[in-house]
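In what follows, a single structure is set out as structure tokens and then discussed.
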Amino acid sequence: MKKPKVVVLGAGYGGIMTTIHLQKQLGVNEAEITLINKNDYHYETTWLHEVSAGTLHHDRARVSVTDLINKNKVTFMKNTVTDINIEQKKVILKNNQEIEYDYLVIALGYESETFGIKGLKEHAFSISNINTARQIREHLDYTFATYNNLEERPEGMMTIIVGGAGFTGIEFVAEIANRVPKLCKEFDIPRDTVRIICVEAAPTALPGFDPQLIEYAVTQLERKGVEFKIGTMIKECTPEGIIVSKDDQTEEIKSQTVVWAAGVRGSHIIEKTGIENNRCRVKVGPDLRAPGAEGVFIVGDCSLVINDETDKPYPPTAQVAMQQGPVAAKNITTLIKGGTDLQTFKPDLKGTVCSLGHDDAIGVVFGRKLFGTSASAMKKVVDNRALFLEGGPGLLLKKGKFNFF
Ligand code: FAD
């Protein structure tokens, strides 16, 4: 009998967890499992703010895909998915190669969402993957290295703007605030030459967080020299900086470094499939299957799961993606083995911790508010737990964060 073909797209949190569980549950004679990913490495997306700011080397944040999977059970293909033909059950790759599937797991992650703001795509950096993170780091290093070699410096050369004071924006701006004094020292630049500005359209930083935690975070970051512009919309990004507006007042802020960290959407590949979606995120069924697409499961940031208690979607997080993987794997295994009783996905959210640099953080874990070093230690526990789930004790020992205090 022909073995069913299971194809997993993306080796991020959702894709790698799905694959690891599929390889445990299905024997080589039961299914052909293929994992396709753009790069031959998996990266810790939740560490990209550190890579971008240059406080963590990019190699610490990535690991070879083949070190995480069982090569006897899973075929790994390094390639870029360009399209999915749902009717013909085929994945199309960059070299026009076509891969057939019986079961497909789409785990292609997120892309930056610029909400149509003029010039952002062209002139702002985004924290999207290892390469965009490395580009931000290199740009920062180059800017600091160039400063003292110029007779005339462009206005705003040493102004770093972060668009968005949500989770990612705050984590990134905190790393920047820690790194800038070191860069100033290294390149002999007075600290007061550098401005770090965080712009947020909402009436508060970290919308949705506990007000006491927000106040702590903002105060800590202001102490390190971060200027917040809250309730301020970025109207346009140009090669010279940004144009913002607040209360009908428009202001231009000159900058050579604008990092957009204020929005994400699912992969654009979702839009091409024709599956009903909202900003490239698909409202999946309770068993994580995509509506109207036979054999297709969606996990991670490309999926949208509604929280029944609030009737709102769960925010796209690694925590959710990592919990979805085992459920998708279990359900595919059940179907392959002829079962019909599929598992329902229900996120088991343990909390959220937002880092404020390597030594500070805020969070709510198991309903308890955490600040400072205890929150920071908890953040490292969360990061280490992800490594353990992905690659066991070996990966944890190799890449783990053990500098707790
Ligand atoms: P990803 O982990 O992004 O993986 C997608 C994979 O698909 C990548 O390997 C990519 O290379 C691959 N891919 C993409 N397109 C293609 C293609 N066309 N062809 C082939 N391969 C492709 N969440 C938390 O829970 N806690 C946190 O503390 C937290 N911190 C964060 C900090 C930052 C700076 C950022 C950016 C995000 C953070 N998040 C956090 C959110 C979290 O990282 C995402 O929700 C999570 O990565 C989603 O997992 P995923 O598997 O959907 O996608």
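Please determine whether any residue of segment 371-385 is assigned to a strand (DSSP E or B) and out of contact with any His (no Cβ under 8 Å at 6 or more places or on another chain). Yes, segment 371-385 has at least one match.
When each of Leu213, Leu206 is tested for being within 16 Å of the ligand (Cβ to nearest atom), part of a loop (DSSP other than H, G, I, E, B) and crowded, with 20+ Cβ neighbours inside 10 Å, the lone residue that passes is Leu206.
Matching residues to (1) assigned to a loop (DSSP other than H, G, I, E, B); (2) among the small types (Gly, Ala, Ser); (3) near the ligand (Cβ under 7 Å from one of its atoms):
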position: Gly15; (1), (2), (3): no, yes, yes
position: Gln23; (1), (2), (3): no, no, no
position: Val28; (1), (2), (3): yes, no, no
position: Ile36; (1), (2), (3): no, no, yes
position: Asn39; (1), (2), (3): yes, no, yes
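Across segment 291-340, the qualifying residues are those that are touching a Gly at 6+ places or on another chain (Cβ under 6 Å) and among the aliphatic types (A, V, I, L, M), and the one among them that is nearest to Arg385 (Cα to Cα) is Ala321. Residue count for segment 301-330, restricted to those that are small (Gly, Ala, Ser), within 13 Å of the ligand (Cβ to nearest atom), open to solvent by less than 10 Å² (accessible area, probe 1.4 Å) and not in a strand (DSSP E or B): 3.
Scan segment 1-13 residue by residue and report those that are more than 9 Å from the ligand (Cβ to nearest atom) and either small (Gly, Ala, Ser) or not in a strand (DSSP E or B) (or both). Full working, then the answer.
First, pick out the residues of segment 1-13 that are more than 9 Å from the ligand (Cβ to nearest atom): 1-8.
The answer is Met1, Lys2, Lys3, Pro4.
Counting only residues that are among the small types (Gly, Ala, Ser) and more than 17 Å from Ile117 (Cβ to Cβ), segment 222-247 holds 1 of them. Every listed requirement among (1) in contact with a Leu (Cβ under 9 Å, 6 or more places away or on another chain); (2) away from the ligand (no atom under 16 Å from the Cβ); (3) of a type outside the set (Gly, Ala, Ser) is met by Val296 save one, (2).
Are any of the residues in segment 353-361 assigned to a helix (DSSP H, G or I) and within 15 Å of the ligand (Cβ to nearest atom)? Checking segment 353-361: not a single residue is assigned to a helix (DSSP H, G or I) and within 15 Å of the ligand (Cβ to nearest atom). Answer yes or no: is there a residue in segment 359-379 that is under 21 Å from Arg179 (Cα atoms), out of contact with any strand residue (DSSP E or B) (no Cβ under 9 Å at 6 or more places or on another chain) and open to solvent by less than 50 Å² (accessible area, probe 1.4 Å). No, the conditions are met nowhere in segment 359-379. Can you find a residue that is of a type in the set (A, V, I, L, M, F, W, C), closer than 20 Å to Val6 by Cα and within 16 Å of the ligand (Cβ to nearest atom) anywhere in segment 107-129? For segment 107-129, residues of a type in the set (A, V, I, L, M, F, W, C), closer than 20 Å to Val6 by Cα and within 16 Å of the ligand (Cβ to nearest atom): present. Within segment 362-399, which residues are of a type in the set (S, T, N, Q) and more than 15 Å from the ligand (Cβ to nearest atom)? Correct list: Thr373, Ser374. Screening Asp248 against (1) touching a helix residue (DSSP H, G or I) at 6+ places or on another chain (Cβ under 8 Å); (2) at positive phi leaves a single unmet condition, (1).
Against the numbered list (1) open to solvent by less than 70 Å² (accessible area, probe 1.4 Å); (2) assigned by TED's automatic domain parsing to the domain that holds Gln324; (3) more than 16 Å from the ligand (Cβ to nearest atom), Ala53 comes up short only at (3).
Taking the residues in segment 81-136 that are in a helix (DSSP H, G or I) and without any contact (Cβ under 8 Å) to a residue 12 or more places away in the chain as candidates, determine which candidate is nearest to Pro291 (Cα to Cα). It would help to see each step written out before you state the result.
Initial filter on segment 81-136 (in a helix (DSSP H, G or I)): 120-123, 130-136.
This time we only want the ones that are without any contact (Cβ under 8 Å) to a residue 12 or more places away in the chain, so: 121, 131, 135.
Numbers: Lys121: 31, Asn131: 33, Gln135: 38 Å.
Ranking the qualifying residues of segment 81-136, first place goes to Lys121.
Scanning segment 258-280 for residues that are over 30 Å from Glu294 (Cβ atoms) and crowded, with 21+ Cβ neighbours inside 10 Å yields Val258, Val259, Trp260, Ala261, Ala262. Filtering segment 329-345 to residues that are touching a residue at least 40 places away in the same chain (Cβ under 8 Å) and of a type outside the set (A, V, I, L, M) leaves Lys330, Asn331, Thr333, Lys337, Gln343, Thr344, Phe345.
The values are calculated or read from the model by the stated rules, or taken from the named source; none is laboratory data. Given the structure is predicted, the values throughout are model-derived calculations rather than measurements. Reconstructed Cβ throughout: ideal geometry from the backbone, glycine too, with neighbour counts over all protein chains shown. Protein only, heavy atoms only, side chains kept; ligands, DNA and RNA dropped before computing areas. Shrake-Rupley method; radii C 1.70, N 1.55, O 1.52, S 1.80 Å.
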